[in-house]
Amino acid sequence: MPTVRAALIAAAVAAAMTLTACSGDDDVTGMPGMDHGSSTSTASSSAATTSEFNPADVMFAQMMIPHHQQALDMSDMLLAKGGVNPEVAALAEQIKAAQQPEIDAMSSWLDAWGRTHVDDGGMHHGGADDGMMTEEEMRTLDKANGSNGQRLYLDGMIKHHIGAIKMAETEIASGKNPEAIALAKNIAETQQQEIATMTELLTKI
């Protein structure tokens, strides 16, 4: 599965970088005026595919980046503690390894689309549906010892993943960009699997 995820992210980043190099066009419907019959049709097709986006794609990237960033922050907090169950620590490392490349890919898309990044300034607001932890919950996780912290981490990350899956499902239903939709499908699938793993871990620690 990591190999599939890595291939997906690499392809997405490459496509986004191709667009950045080839066009500054903000037209959300595509890249008008392209010569689709030229000898560079493969590269042009890749750029055109990446240029196909709508407001749902932009919202997905803008909201998922800080969402993923909080998951990295949560994982770093847990991994800094002693006495954490090795399986929980391994899961935290897995989440970090998966979500940082996804952040990089989505950031590249926003740059290629000429859209702004949402900077939460390090603030963790939490929302009704996004599953993000509040600032107070993050402080509690940060201060907890390894034994208590790993339970707080798993409980919080399950809710976090549920929120990410909802966001991904919205992108799958409403998005236009093929790479963004593919990433959303991957997030929904893999994070559902991680929820099952975390639920099982809660019964073991």
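The values are calculated or read from the model by the stated rules, or taken from the named source; none is laboratory data. Since the structure is predicted, the reported quantities are computational estimates derived from the model, not experimental observations. All Cβ positions, even for glycine, are placed from backbone atoms using ideal geometry, and neighbour counts span all protein chains on display. The area values use the complete protein model at the heavy-atom level, side chains included, leaving out ligands, DNA and RNA. Shrake-Rupley method; radii C 1.70, N 1.55, O 1.52, S 1.80 Å.
Beta carbons closer than 8 Å, at least 6 apart along the sequence or on distinct chains, pair a first residue in region 176-205 that is closer than 18 Å to G156 by Cβ with a second that is open to solvent by less than 60 Å² (accessible area, probe 1.4 Å) and in a loop (DSSP other than H, G, I, E, B) for L201/N85; K204/N85; I205/N85.
Could you list, in sequence order, the residues of region 131-153 that are of a type in the set (A, V, I, L, M) and outside any loop (DSSP other than H, G, I, E, B)?
Our first condition is that a residue be of a type in the set (A, V, I, L, M); within region 131-153, this holds for 132-133, 138, 141, 144, 152.
Those that are of a type in the set (A, V, I, L, M) and outside any loop (DSSP other than H, G, I, E, B): M138, L141, L152.
When you go through D130, D119 one by one, which is the residue that is of a type in the set (D, E), under 16 Å from M74 (Cα atoms) and modelled with pLDDT under 95? Before the answer, list the steps.
On the way: D119 fails: under 16 Å from M74 (Cα atoms).
One residue alone meets the criteria, D130.
The residue that is nearest to K143 (Cα to Cα), counting only those in region 37-96 that are at pLDDT below 95 and not in a helix (DSSP H, G or I), is E52.
Looking at T134, is it in contact with a Phe, Trp or Tyr (Cβ under 8 Å, 6 or more places away or on another chain) and β-branched (V, I, T)? For T134, the condition - in contact with a Phe, Trp or Tyr (Cβ under 8 Å, 6 or more places away or on another chain) and β-branched (V, I, T) - is not met. Here E189 does not qualify as farther than 27 Å from A89 by Cβ, in a helix (DSSP H, G or I) and open to solvent by 10 Å² or more (accessible area, probe 1.4 Å).
Determine whether region 150-160 contains at least one residue that is within 24 Å of A90 (Cα to Cα), of a type outside the set (D, E), out of contact with any strand residue (DSSP E or B) (no Cβ under 7 Å at 6 or more places or on another chain) and without any contact (Cβ under 8 Å) to a residue 24 or more places away in the chain. Yes, region 150-160 contains at least one residue that is within 24 Å of A90 (Cα to Cα), of a type outside the set (D, E), out of contact with any strand residue (DSSP E or B) (no Cβ under 7 Å at 6 or more places or on another chain) and without any contact (Cβ under 8 Å) to a residue 24 or more places away in the chain.
Those residues that are buried (at least 20 other Cβ atoms within 10 Å of the Cβ) and either charged (D, E, K, R) or not in a helix (DSSP H, G or I) (or both), I need them from region 171-186; list them, please. So that I can check it myself, show each step before the final result.
Just the residues of region 171-186 that are buried (at least 20 other Cβ atoms within 10 Å of the Cβ), to begin with: 171, 175, 177, 179-180, 183-184.
Result: E171, G175, N177, E179.
Going by what's in this entry, would M138 be described as more than 20 Å from P55 (Cα to Cα), of a type outside the set (K, R) and either touching a helix residue (DSSP H, G or I) at 6+ places or on another chain (Cβ under 7 Å) or modelled with pLDDT of 95 or more (or both)? Against the criterion (more than 20 Å from P55 (Cα to Cα), of a type outside the set (K, R) and either touching a helix residue (DSSP H, G or I) at 6+ places or on another chain (Cβ under 7 Å) or modelled with pLDDT of 95 or more (or both)), M138 qualifies. The residue list A144, A164, A168 contains one member that is open to solvent by less than 40 Å² (accessible area, probe 1.4 Å) and in contact with a His (Cβ under 9 Å, 6 or more places away or on another chain), which is A164.
I need the full set of residues from region 83-120 which are of a type in the set (V, I, T) and open to solvent by 40 Å² or more (accessible area, probe 1.4 Å), in order please. Explain how you work it out, then say what you get.
At the first step, the residues of region 83-120 found to be of a type in the set (V, I, T) are 84, 88, 95, 103, 116, 118.
Within region 83-120, T116, V118 meet the criteria.
Within region 66-88, if we keep just the residues that are touching a residue at least 60 places away in the same chain (Cβ under 8 Å) and hydrophobic (A, V, I, L, M, F, W, C), the residue that is farthest from H161 (Cα to Cα) turns out to be V84.
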